[in-house]
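Worksheet: one structure, shown below.
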Amino acid sequence: MEVFFHGYRTLIIENDKMRCTILVDKGLDIISFVDKATDTDVVWTNPMGLSCMEKRRLVIMDEDCYSDNYLGGFFEILPNFGEACEYHNMKFSQHSEISHLPFEMSVLEDSSEKITLLFVTRLSKYPFEVRKKLTFTNKDKTLSFEEEIKNLSSENLPYLWALHPCLGEPFLDENCEFILPDGTQVNMPKSGSFENSFHIYEVKNEGKVTVLNKKSNLKFEIDFDANIFTHCGLWISAENNYGHHKFSGAYVASVLPCNFETMTLSKAAQVQNVPMLNGGEVVKSYYNIKLTDN
């Protein structure tokens, strides 16, 4: 079902087991992913209100776009991962720019068992075209994505690419355990513990992250192409459950499969072995997100 939410084209997809809400006009951000059996939404959005999507239109400075209107949700990062920076005489806001852009949508398959949708956009600052196929069935609580990025120019360009699913209450609490691709296990602190940290880990085994709530037994999983997403970040903010996350006021965590450990496009461009997309080249990858009962 396609609707408008705060002026944005929004897609609601569901079966008997799950319901997902996707902002087609804003980077394909997922703002809700609900397990119907327990009526549990695993996605965190800013408790200050989703009207921040409308406030984006009032931003004057490019570098302020993300910090002034942080939505949360499950979003993608390309080509700048990290703080605002300047590269090729262009200013990139934090985590820009794909999550700000609208996609065109078409239906590739629509049957009683499976639906496959194609989404296409072109970045406004970088000469990249992004194509994403989303497939889901009536059998489980899984969203499967296939993605390709094409460099439309003749210039070889560095790019930082990451996935950023924000997890929150009621799913997220002190009973949650993160199992990261290098085998590291991290427990989610209690709300109000003033934990605020970010770490990047190397993907040494399979490209998979599991977040298990050991009390409810509900599990969030993301598996991804470890040949592309060679590192994975973990961000935890375990303070109060209200207010803006930059002011010690969010209880939220995110796992971030990413293709490099260097933050910001300008710094990455100065480092050897940074991921490059050559002129005319296409890079392909995949990821799946799912909810399961342990």
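The values are calculated or read from the model by the stated rules, or taken from the named source; none is laboratory data. Values in this document were obtained by computation on a predicted structure and should not be read as measured data. Note: ideal-geometry Cβ built from the backbone for every residue, glycine included; neighbour counts use all protein chains shown. Ligands, DNA and RNA are stripped out before the accessible areas are found, and what is left, the full protein with its side chains, is counted by its heavy atoms. Shrake-Rupley method; radii C 1.70, N 1.55, O 1.52, S 1.80 Å.
What pairs come up if the first residue lies in the stretch 1-20 and is on the phi < 0 side of the Ramachandran plot and among the basic types (Lys, Arg), the second is open to solvent by less than 80 Å² (accessible area, probe 1.4 Å) and at pLDDT below 80, and their beta carbons are under 9 Å apart, counting only those six or more places apart or on different chains?
Correct list of pairs: Arg9/Val3.
Checking Thr230 against (1) buried (at least 18 other Cβ atoms within 10 Å of the Cβ); (2) among the hydroxyl-bearing types (Ser, Thr, Tyr); (3) in contact (Cβ under 8 Å) with a residue 60 or more places away in the chain, which single condition isn't satisfied?
Tallying (1) buried (at least 18 other Cβ atoms within 10 Å of the Cβ); (2) among the hydroxyl-bearing types (Ser, Thr, Tyr); (3) in contact (Cβ under 8 Å) with a residue 60 or more places away in the chain, Thr230 fails exactly one: (3).
Looking at Val130, Val186, which one is of a type in the set (Val, Ile, Thr), farther than 26 Å from Asn294 by Cβ and either touching a residue at least 40 places away in the same chain (Cβ under 8 Å) or not in a loop (DSSP other than H, G, I, E, B) (or both)?
Val130
Looking only at the stretch 92-109, which residues are part of a strand (DSSP E or B) and either closer than 23 Å to Pro257 by Cα or at pLDDT below 85 (or both)?
Across the stretch 92-109, the qualifying residues are Phe92, Glu97.
Taking the conditions exactly as written (open to solvent by 40 Å² or more (accessible area, probe 1.4 Å) and touching a residue at least 40 places away in the same chain (Cβ under 8 Å)), does Glu195 satisfy them or not?
Criteria met by Glu195.
Any idea which residue in the stretch 106-129 is nearest to Leu163 (Cα to Cα), counting only those that are among the aliphatic types (A, V, I, L, M) and buried (at least 17 other Cβ atoms within 10 Å of the Cβ)?
Per the criteria, the residue is Leu123.
For the stretch 141-160, enumerate the residues that are surrounded by fewer than 17 Cβ atoms within 10 Å (Cβ to Cβ) and outside any strand (DSSP E or B).
Of everything in the stretch 141-160, those that are surrounded by fewer than 17 Cβ atoms within 10 Å (Cβ to Cβ) and outside any strand (DSSP E or B) turn out to be Leu152, Ser153, Ser154, Glu155, Asn156.
Return yes or no: is Phe145 in contact (Cβ under 8 Å) with a residue 24 or more places away in the chain and on the phi > 0 side of the Ramachandran plot?
no
Residue check, Asn278 against (1) open to solvent by 40 Å² or more (accessible area, probe 1.4 Å); (2) closer than 30 Å to Asp140 by Cβ; (3) at pLDDT 95 or above, all met but one. Which one?
Against the list (1) open to solvent by 40 Å² or more (accessible area, probe 1.4 Å); (2) closer than 30 Å to Asp140 by Cβ; (3) at pLDDT 95 or above, Asn278 comes up short only on (2).
How many residues are at pLDDT below 90, open to solvent by less than 20 Å² (accessible area, probe 1.4 Å) and part of a loop (DSSP other than H, G, I, E, B) when one looks only at the stretch 25-68?
1
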